[in-house]
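Working notes, beginning with the structure itself.
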Amino acid sequence: MASSKDVRDIMGLEAGAAPAATAPNKKKGGGGGGLGRRPTGMNRELLALHGERAPPVAVVDVQKTYLAKPQRHFRPSPWEWSPFINPARKDGLVLKHWVRKPHGKSVGGEVSQAVDGQGDTPMAGAEGEDGGQNKEGTNGDVVEHQIPLAEYPYAKYNVEIDAPAFSDEEYDLYMRSNDWSREETDYLIGLVKEYYQRWPVIADRYDFQSQNTKAESQDGTLEDKMALQKAGAPPRTADDLKARYYNICARVMELHTPVSEMDPAEFALHEMLAKFNPAQERQRKEVAEQLLNRTREEIKEEELLLAELQRITTNQTRFEAERAEVRARLEAPRAAPGSNQYDSSTALAMLFNQLFQADRSKKRGRLSLPADALGGHSAAAATAAAGGPGQTPTSAEAHRNSLLGSGGSARKGSLVHGSAAHQQHGPGHHQPAPKEPSRTLAPRAAARFGVSTHERLSSGVTFRTDRLQKLRQAKSAIQTQKIATALAELGIPDFVLPTTRVCEAYAALVGKITKMLDLRKVLEKQTNELKVLRAERGIVMAEKEEGEGKEEKEDARKRMTRLLRNPPILR
Amino acid sequence: MAQGFTPGQTQAPLANDYAGDEVAAIVLDPGYSTIRAGFAGEDTPKSVVPTHYGVYEPSDSAGPELLFGENAIHNPKKGLEIRNPLNNEGIVEDADTTAKLWEYAITSRLTGSTGSARAIRDGEKNGEGDPDVDMDEAEDTAEKPLADSPLMMTEPGWNSPKAREKAIEIAIEEWGTPAFWLGRQGTLAAFSAGKSTALVVDLGASTTSVTPVYDGQMLKKGIMRSPLAGNFVSDQIRLLFAQSQPPVPLTPHYIVKSKTAVDAGTPAQAIYHEFGFEPSASFRRFEEERVLTEFKESVVQVWHGPGRFMGGPQGASNEEIAKGLQGRPFEMPDGWNQVFTAERFKAAEGLFDHKAAVTAPDQPPPRPDQTLPQLINASLQTTDADVRTQLLTNVVVVGGSSLLYGLTDRLNAELTQMYTGPRVRLQAPGSTIERKFASWLGGSILASLGSFHQMWVSRKEYEEHGPNIVEKRCR
Ligand SMILES: Nc1ncnc2c1ncn2[C@@H]1O[C@H](COP(=O)(O)OP(=O)(O)O)[C@@H](O)[C@H]1O
C-alpha cells in the first residue's frame, strides 16, 4: 500500500518537509477538535493517502439526524366510510362515502346535536350517543332509522319544475283543443317536467302513442318506434309542443289569478306565454337556417357591403355637417327684421298688443325691452345689471320668451339699443308702444347722425386696432396664415386706419375670405371623392368586362352607393 | 355539520366547492375493442381488458374454456378461437359471455372476487367494538362481486331496450350492486370534455358515431353511425398491403422467433416458431390486427390538404404531392421493412371521401352517407337551427381512431368548408388517454358528483319496477 511518503515520492516532493510544517497543526488539531482530528470510519490506507495535511474536503462523520417530527397541535381527524341517505331519493337508498368523523370524546354530543336539528328522527339521536357508529344490515336492505339522517348537502340540487296542474273540468272548459287530446296533453306535460323544459330534448324524445297503439310496440326498437310515429300523425315540432304547453300554462295561470290581478312580473310572464306564436318562431328559425346556409361568397360580399355602408354613413354625417355650414354661409343674410318687419302701422300695433298682453299677465306692470334680450343668458344678466334695480334676469328671460312667442324669427341685435335704450327704462314705468319704432333709425339716418349700435359693450376701453388684429386671427395657425396670404394677395395693407366703417368693411372682407377658404376645402374633398369613385367605376367596368354574369345587381348597387355618397350638394 | 366537521377546526374545502362526493362507484365502459373499468373519481380506468376473448377447447377436456384478458389470449394454442361478443355495431350479441367478460374486467383489478376490498377502516377505534361491522357485512355478501359498489355502465346511444334491461339484470341480480345507472357513451364523452352541449364524434373500433348532446341529454334522432371506423381503416390497410406490388407480407408477432435486419423491401430473414399445428384463422386475424394497430399508430396519416386526397382538379389525385412528402418506415415483426409514402394517406382517406376508399371485389366501397362529414351533416340536419350553431361550436372528437395522425385537423377543415356561415369549433382532448377513454372518464366524473346520487336506480326500485326501469330512468 502506498503511504503518504510514496505519494510524495511519486510527485517529486521533498519527503521531510511537510510533516514538519504540519506538526503543530496536528497538535492543535488534537486539542481543538478541528480539522486535524482523525476522522473515524475511514480506511487506514485511505487516511494514509491524505498525508499530514488535513484533507481539502473535511470528511466529517456526522451522526445521522433526521428532520424533527413536525409538531402537530391537533389530532388528525379521522375519516369514516359512512353510510348516508340522500333525502332527494324516495327509496332510501343507502350509499357510503367518506366523511370526517367528529373528534374523539365529543363525538356523541356532536352527532346528537346534528341529529337534534332533524327532530323527526329520534332513533338517530340515540345512535349518536352510541359514538356515531352505525350498524346496518346488508347494503341493499335499508335500515333507515340507524343512519344519522343528517342533511345531505347535494339534496338541494334536486329541483323540480312546476308543472301546470288542472282538474278535468278545468281542462274541458278552458284547454280543449282540436289538435290535442287530453291524453297527449298530459303526456306532453309529463315530458316537459321530466326534461326540465329543455325543448330540443323534449322534441327529440317526443313519441306519443295513445294507449291502444302503445301496447304492440312496447318492445320494439327505437327504429320501430320512430317508423311507427312517422306513419301516424305528422310529427310535432318543438314549436308546436311549446305552443301547446305555454298555452296551457297561461290558462292555468289565469285560473289561479285573473289577469287583472296579476302583479307585473306575473303579467309579463302571462303575456309571454299567451303570445307565443309558433308560426313566427318557425319563420325565425327558417331565417336563422338561411343565415347558416350562406355560402362563403355571400358572406364575403356581405362583409364588404357592410364595410362600405359603414364608410358611407360615417362620411355622410361629416359631409352633411360641412355642407350645412357652407350653406349657412352662402345664404344671403336675411333682412334684419327689427325695423323692417314692423314698419307698417298695423304690424306695429299688433306687436304692441302682443307685448302688452304678455306683459299684463305679469305682476309687474312694466314693459321693457332690454338690450339683447334675445341674446344668451349672460347677456341678459349683464343687461339686468346695467338696468334699473327692479330688473332681474328672470324677468328679462320672461320677456324673451314672450318675444319669442310672438316675434318669431326676430334676429339678434335687431332690437338692441345702446345706452339710449337704457335710459328709457323707467322703473315701474309703462312704455308706450308707438314710441318704440322712433328709437330705431334707418341705417342711413343712423350713419348720418353718427348713431351706432352695439351688440355688446364691453366694459373698459378697447382699441379698434385690436379688433382689426383680432379679425385677422383665426383658430388655427394655418387658417391665420391663409387669411394673411389672401389679404396680402388683395393688397390690403397691414395697417389701416380703423374707423368704424373700415372696421366693418374689414370684418366683412375677412368673413368672405374665410368663407372662400372653407369652400376651397370642400371643393378639394369633393374632387378627391370624385376621383375615388371614378377609380372604382373603372374597376367595376373592368370586372364587367371580365364576367358578364352578375352585372345587373352589382350595377344597381353601385349606383345606389354612389347616390348615397354623392347627394347633390345643395338640396 | 352534515359533512361532520366542527366549526373552528381546520377545514378541507367544503365538499360543495368541488361538488364531488365519491361513493366508490365503479364505472364500466364496454367498447368493441376494449372494456374499461375503474373507480369513479379517478382519472384513468384501472382495468382495460380486450373485448376479444378466447374459446379454448383442448381435445381432452370436456367443455370449452373461456379465456379473458391480455395475458391469456395471445398465446397460440391448438383449438384456440378468438371471438368478440359484440356485433359490428357494438351491441351485445352473446349476453352470457359478455357478462362474464365484464365481470372479469371488474373483478380482475378492482374489487377482487369477494368484493370486500373496499371495507376500509380508519385506525381510530373507540373501543366500543363496532368497527368490525363492515367486515361482517362484507362476509355476508361475499359471493357478489359488486355488493359494495354502485355501478355505472355505459352503452352506445343506439343500444336496444332489451340489451339495456339485460345490463341492469346482470348488474343487480348477478353482481349484487346496490345501485345502477346506464349512461350514454356520447353524453358521457361530452361530459369528459367539460361540456353539456356538444356534438360528439366518436371514432371507435367498429363504429363511428355522431351524437348531438343538448344540455346533458343526447338527441336520439340526431344519432348517426357508420362502420367507417378503426376496423375499416385496418381493412383498408390490409387491402393496400395486398394490392401493393409486390404485396406487403403481414406477419403477426407470435410466429416470429427471431429476426435479422434486412434492407427495405427485401424479403424477411427470420426464424419462425414451429407449432406443430395451425393456429386458428380467428387467432391469426386477431394477432394481425395488433400489427395493423401499430401501423395505424405510427404510419397512417390523414391527408391534410389541399383539398381531398383525390380532390385535385378533375378528380386527379394529390398522390404526386404525397409522394414528394417524407415517408415513414415500418418494420414488420419479422424484420421486413419499407418506407411508406403515398400509401399512408390512402388508408384513412375513405373515412372522409367514399370515392377514395380502397376497394376489392369482396369489399365494396362505402356509401357516401357513411363518411364522416356526411354523418355529421346528417346529424346536424335533424336539429333546430338554434341548437345547430351551439353544436357546431362544440364539436368534441373522441375515440381511439380519432388518434389517427392529422384526423382532427382534416375534420376541422372539412367542417369549416361545409359550414361557412356558423363558427365551427372542434375540440379533441389532448391526451391519448382522454381520447380513448372519453366515455369512461365522463362516467367517472358523473358518478362522483354529489348531485348525481339521486339518479341511481337502486335495487329496491329495480325490485319494485322490474328491469324496464332503465328505460324510464336512464334516458
Ligand atoms: N394511436 C392510434 N392511432 C390510430 N388508431 C388507433 C390508435 N389507438 C387506437 N386506435 C384504434 O382505435 C380503435 C379503438 O378505439 P376505442 O375508442 O377504444 O374503440 P371502442 O370504444 O369501440 O372500444 C381500434 O380500432 C384501434 O385500432
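Values in this text are rule-based calculations from the coordinates and carry no lab data. Keep in mind it's a predicted model, so treat the numbers as computed, not measured. No Cβ is skipped: glycine too gets one built from the backbone with ideal geometry, and neighbour counts run over all protein chains shown.
Which links in A:Lys285/B:Lys221; A:Lys285/B:Lys472; A:Lys90/B:Lys472 stretch past 26 Å when you go from one Cα to the other?
Values: A:Lys285/B:Lys221 19 Å; A:Lys285/B:Lys472 31 Å; A:Lys90/B:Lys472 16 Å.
Too far apart for the 26 Å limit: A:Lys285/B:Lys472.
Relative to the present Cα-Cα distance, how much length would full extension add between B:Ile271 and B:Ile321 at 0.36 nm per residue of separation? Numbers along the way, then the final one.
Values: separation 50, 0.36 × 50 = 18.00 nm, distance 3.87 nm.
Going from the current span to full extension adds 14.1 nm.
So what's Rg/Rh here for the range B:230-356, counting alpha carbon atoms and using the Kirkwood radius for Rh? Each step should come with its number before you reach the end.
On the way: Rg = 16.1 Å, Rh = 15.7 Å.
With Rh from the inverse mean 1/r over Cα pairs, Rg/Rh is 1.02.
Cα extents of the range B:370-422 along the three principal axes, largest first, in whole Å?
So the extents along the principal axes, rounded to whole Å, are 32, 20, 18.
Within the range A:240-269, name every residue whose backbone N is under 20 Å away from a label modeled 7 Å from Cα of A:Leu173 along the Cβ vector.
Answer for the range A:240-269: A:247-262.
Stick to Cα atoms and the Kirkwood definition of Rh, then tell me Rg/Rh for chain B.
On the way: Rg = 24.8 Å, Rh = 24.5 Å.
My calculation puts Rg/Rh at 1.01.
Once you place label points 7 Å from the Cα toward the Cβ at B:Glu57 and B:Glu464, how far apart are they in nm?
About 4.7 nm, to one decimal.
Taking R0 as 35 Å, what's the FRET efficiency between A:Ala484 and A:Leu533 from their Cβ-Cβ distance, rounded to 0.05? Walk me through the numbers on the way to the answer.
Values: r = 35 Å, r/R0 = 1.01.
Computed FRET efficiency for A:Ala484 and A:Leu533 comes out at 0.50.
Under the 0.36 nm per residue contour assumption, what length would be gained going from the current alpha-carbon distance of A:Asp263 and A:Glu504 to full extension?
On the way: separation 241, 0.36 × 241 = 86.76 nm, distance 7.05 nm.
Here the answer is 79.7 nm.
Quick check: pseudo-label points 7 Å beyond the Cα along Cα→Cβ at A:Arg296 and A:Lys64, how many nm apart are they?
In this crude spin-label approximation the distance works out to 7.1 nm.
Give me the extension gain from B:Gln245 to B:Met418: residue separation times 0.36 nm, minus the current Cα-Cα distance, reported in nm with one decimal.
Values: separation 173, 0.36 × 173 = 62.28 nm, distance 3.68 nm.
Gain on stretching B:Gln245 to B:Met418: 58.6 nm.
Calculate the spin-label point distance for A:Ile492 paired with B:Lys355, positioning each point 7 Å from the Cα along the beta-carbon direction, and give it in nanometres.
In this crude label model, B:Lys355 to A:Ile492 measures out at 8.0 nm.
Could you please rank B:Val299, A:Val451, B:Val92, placing first whichever residue has the fewest other Cβ atoms within 10 Å of its Cβ?
Details: B:Val299 19, A:Val451 14, B:Val92 23.
Lowest to highest Cβ neighbour count: A:Val451, B:Val299, B:Val92.
By counting other Cβ atoms within 10 Å of each Cβ, how are A:Met253, A:Met541 ranked from fewest to most? Kindly include the intermediate steps, with their values, before the conclusion.
Details: A:Met253 19, A:Met541 10.
The order, fewest Cβ neighbours first, is A:Met541, A:Met253.
Order these by the 10 Å Cβ neighbour count, fewest first: B:Cys474, A:Cys503. Before the final figure, lay out the partial values.
Details: B:Cys474 20, A:Cys503 17.
With the sparsest Cβ surroundings first, the list reads A:Cys503, B:Cys474.
Quick one: helix B:372-381 against the long Cα principal axis of chain B, what's the angle to the nearest 10°, folded into 0 to 90?
Between helix and principal axis, roughly 50 degrees.
Relative contact order of chain B, please, whole-number percent, based on alpha carbon pairs below 8 angstrom and at least 6 residues apart.
Numbers: 916 pairs, mean separation 91.5, N = 475.
Relative CO of chain B lands at 19 percent.
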